[in-house]
Amino acid sequence: MREAARREWGALYAAVRDGITARGPRAIPLTIAAVCLTAAFQYVQNQPWGYQFVQDVGSVRADDPLWLALLRTPLSLFVPALDLPVWGALAQLLLVFGIAELCLGWWHTLVIAYVATLAGTLYARVGIAIGPDSPFGLPASDAQVVDTGPSAAVVGLAVYLCWRYRARFTGAFVVLAMVVECAVKPNLAGKEHLAAIGAVLMVCAVRSTARGSLRPDPGNGG
């Protein structure tokens, strides 16, 4: 059991340990900023004077003009859903963003997070255009659903980390859990999680191909 755990999580654990040992809390400035920003948005949007402000800067719906949705998408990642407990969003950010930042750095973490979030945001429009008769589609009523929160980014980062550090069984479990979630409750959030996973897996495939093309050819003396 210990050997299996070492093979599955050893490289990831070492990267996290080295990051904490080297810099401590200073190694995760993006994570700390994300947690603080999310907590601030939660406070503001629950005030009579702040709700509309948060909607204007970070609320995304599929029936918004595309340019407006794209403009709001960066901040939408840090706007917690009103119908879910905020501690869940904060815990996701602290754990997954923290691990990702320790292993990948803040810039790499932010790029993968936004790729996943943007994939979910754009999928909502495609899914509504396809319609509810397709397993990949969504009902027209979902165009009015407010689409915010870090969950798509968290799922995407988890899958990317599992690919990067060869935690294959953990990555497969995350994907399977999202598939089961979508099968049991096929709503906008569940399908956006699958879209985020698909986008991140494409990034992984491109990076794998690029790495393979950069390897020297032994036959050419590289």
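The values are calculated or read from the model by the stated rules, or taken from the named source; none is laboratory data. Model, not experiment: these values are computed from the prediction. Here Cβ is always computed from backbone atoms with ideal geometry, including for glycine, and neighbour counts include all displayed protein chains.
Are there any pairs, at least 6 apart or on different chains, whose C-beta atoms fall under 6 Å, with the first in segment 115-134 and farther than 19 Å from S59 by Cβ and the second at pLDDT below 95, and if so, which?
If the second residue must be at pLDDT below 95, the pairs left are I130/F136; I130/G137; G131/G137; P132/P139.
Condition check: in contact with a Ser or Thr (Cβ under 9 Å, 6 or more places away or on another chain) and under 26 Å from A69 (Cα atoms). Does A196 satisfy that?
yes
Looking only at segment 87-121, which residues are in contact with a helix residue (DSSP H, G or I) (Cβ under 8 Å, 6 or more places away or on another chain), more than 19 Å from W163 (Cα to Cα) and of a type in the set (A, V, I, L, M)?
Scanning segment 87-121 gives A89, L90, L93, L94, L118.
For segment 1-36, which residues satisfy the criterion of being under 20 Å from W107 (Cβ atoms), touching a residue at least 24 places away in the same chain (Cβ under 8 Å) and of a type in the set (A, V, I, L, M, F, W, C)?
Scanning segment 1-36 gives L12, A15, V16, I20, A27, I28, L30, A34, V35.
Evaluate segment 142-158: report whether one residue or more is more than 30 Å from D56 (Cβ to Cβ), within 15 Å of the chain's Cα centre (by Cα), among the hydrophobic types (A, V, I, L, M, F, W, C) and buried (at least 23 other Cβ atoms within 10 Å of the Cβ). If you could, list the steps in order and put the result at the bottom.
Start the filter on segment 142-158 by keeping residues that are more than 30 Å from D56 (Cβ to Cβ), which leaves 158.
When the remaining residues are screened for being within 15 Å of the chain's Cα centre (by Cα), the result is 158.
If we keep only those that are among the hydrophobic types (A, V, I, L, M, F, W, C) too, we end up with 158.
Now restrict to residues that are buried (at least 23 other Cβ atoms within 10 Å of the Cβ): 158.
Checking segment 142-158: at least one residue is more than 30 Å from D56 (Cβ to Cβ), within 15 Å of the chain's Cα centre (by Cα), among the hydrophobic types (A, V, I, L, M, F, W, C) and buried (at least 23 other Cβ atoms within 10 Å of the Cβ).
Table: residues versus (1) crowded, with 17+ Cβ neighbours inside 10 Å; (2) out of contact with any strand residue (DSSP E or B) (no Cβ under 8 Å at 6 or more places or on another chain); (3) at pLDDT 95 or above; (4) not small (G, A, S).
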site: G105; (1), (2), (3), (4): no, yes, no, no
site: T109; (1), (2), (3), (4): yes, yes, yes, yes
site: I112; (1), (2), (3), (4): yes, yes, yes, yes
site: T121; (1), (2), (3), (4): yes, yes, no, yes
site: D133; (1), (2), (3), (4): no, yes, no, yes
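Which of (1) surrounded by fewer than 18 Cβ atoms within 10 Å (Cβ to Cβ); (2) under 21 Å from the mean Cα position of the chain (by Cα); (3) not aromatic (F, W, Y) does D18 not meet, given it meets every other one?
(2)
If I ask for residues that are of a type in the set (A, V, I, L, M, F, W, C), surrounded by fewer than 16 Cβ atoms within 10 Å (Cβ to Cβ), in a helix (DSSP H, G or I) and more than 18 Å from the chain's Cα centre (by Cα), which ones from segment 45-70 would you list?
F53, V57, L66, W67, L68
Against the condition of a type in the set (S, T, N, Q), surrounded by 15 or more Cβ atoms within 10 Å (Cβ to Cβ) and at pLDDT 95 or above, how does T38 come out, does it pass? Before the answer, list the steps.
Working: of a type in the set (S, T, N, Q): yes; surrounded by 15 or more Cβ atoms within 10 Å (Cβ to Cβ): yes; at pLDDT 95 or above: yes.
Considered against the rule, which asks whether it is of a type in the set (S, T, N, Q), surrounded by 15 or more Cβ atoms within 10 Å (Cβ to Cβ) and at pLDDT 95 or above, T38 comes out as yes.
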